Amino acid sequence: MWTTSSTGRISADFGSQLEVLDPSGGKHRLTLFSHLPQRPLVGDHIRFQGERLLAIEPRTNRLSRLQTSGETQDLAANLDEVWLCLPLDREPSWGRLIRFSHFAQSQGFTPLVLLTKLDLCPNPQAWIAPVTALGLEALLCSTPDGVGIAELQARLAAGKTALLLGQSGVGKTTLANRLAGMQMATGPVRELDHRGKHVTVTRRLVPVLGGGFLLDLPGLRELAWEEQGQLPEAWDRLAQNCRFSNCRHQGEEGCAIKQAVLAGTLPQEALAQWQKMERESAFLARRSDKVASANSKKRWKAIHKQIRLQQKQEDR
């Protein structure tokens, strides 16, 4: 159809402009026009001509998030894996890990938890068990020492793409640099707590050594809990051992989740975070119902108004 068109993949989105990687690794800047039926996403395979995007190839998947406003935001396309960074230079945020892992699982991915900054943790092996208790796979990863790097490179073989998630300053850009064999901007490390500062400001697809890709997202500060009553997969297996089938895991007698917390196999903060997200889900559901009800009333009000006008015209 387009005899002089080229193929490529969107590597960055700057609003009105897109950065595209061609098969040889060359970069192109395209101007985004409004003629396309859908908004292009980072990770999309496309056809382009000069500075103009012609078409978006069919997607294998699409990553999106539910915002607390109730609206859905598309983030990226054509992903194979999701990696969650959990730094060990501080007390792990189990709540954030639960939220991110559920986000990945709800999109059809089995997340891999990267335990990073091992050099600042006296006993990194001790953190593997709490992560696996949540039903998640864990991998010790140290950019300076190269621990875990070979395993990650192998997972990105044959052109696969991984999404790298984690709060600001956990070392995502440093890890991307190591895997890509290049130097992107990294933030300075604060002396008091050894935490890096947030430097990624746009979604960027980075080619890595071996032919794969790594997608680095700016720190996601807002992920809404989509489905009320949905336990993480590993917890659901635990919950089957609860004494009562309608157990809400709020401290009821015979609650298997509570027993796992008391035994130390499930972090207390993780359970507290799930309960918090349950309340959030209920709130979003109530707000959605109110909006739907208001829209329905508005629509019927307009219908009745139109009927009255029509009757007046017929009476004349």
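Extending 7 Å from the Cα toward the beta-carbon at both Ser168 and Ala272 defines two label points whose distance is 2.4 nm. Within the shell defined by Cβ-Cβ distances under 9 Å, the residues around Leu41 carry a net charge of +1, with Lys and Arg each +1 and Asp and Glu each -1. How high is the FRET efficiency from Thr110 to Gln153, r the C-beta distance, R0 25 Å, rounded to 0.05? Calculated value: 0.85.
Our estimate of slack between Glu252 and Gln240, defined as 0.36 nm per intervening residue step minus the Cα-Cα distance, is 2.9 nm. In this label model, Gln306 and Asp74 are separated by 3.0 nm, measuring between points 7 Å along each Cα→Cβ vector. Remark on Leu54: its backbone amide H falls under 5 Å from those of Arg47, Phe48, Gln49, a criterion applied only to residues 5 or more positions apart or on other chains, H modelled at 1.01 Å from N.
Each label was represented as a point 7 Å from its Cα along the Cα-to-Cβ direction; for His45 and Phe14 these points are 2.6 nm apart. Residue order for Lys160, Lys172, Lys298, Lys258, fewest other beta carbons within 10 angstrom first, comes to Lys298, Lys160, Lys258, Lys172.
Read the figures in this text as sums done on the coordinates, not as results from a lab. What you see is a predicted model; the values in this text were computed from it and never measured. Don't worry about glycine lacking a Cβ; one is built from the backbone with ideal geometry, like all the others, and counts go over all protein chains shown.
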